[in-house]
Amino acid sequence: MHKVKPADAIEAIWAKDVVDLIWEAKRLRRCLRRWRREILAQGHLHALASLFEPTYKADKPKWQLRHHTLRDPGHEAGARVAE
């Protein structure tokens, strides 16, 4: 405001409005950049998930199969030793 040196109150109000609008535009641009980055990151995660999803749905991973067979009552380590 000191550099503009408004002649009267109307010009001072007008200059303040212009400065406020410029700052608001800069703030909105920063927000849009952040939102775009977040949306792109979510899109990349969604794309990766859609690539790997068929692999997970096709078969159970081997570690899950081993884990479940160890939990079966007939396949416990103690039962095998007793046989």
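The values are calculated or read from the model by the stated rules, or taken from the named source; none is laboratory data. Small disclaimer: the values here were computed from a predicted structure and weren't measured. Don't worry about glycine lacking a Cβ; one is built from the backbone with ideal geometry, like all the others, and counts go over all protein chains shown.
Conditions first: (1) in a loop (DSSP other than H, G, I, E, B); (2) modelled with pLDDT of 70 or more; (3) exposed (fewer than 10 other Cβ atoms within 10 Å of the Cβ). His2 passes all but one, so which condition is the exception? Of (1) in a loop (DSSP other than H, G, I, E, B); (2) modelled with pLDDT of 70 or more; (3) exposed (fewer than 10 other Cβ atoms within 10 Å of the Cβ), only one is false for His2: (2). All conditions but one from (1) modelled with pLDDT of 85 or more; (2) over 30 Å from Val4 (Cβ atoms) apply to Leu21; the one that does not is (2).
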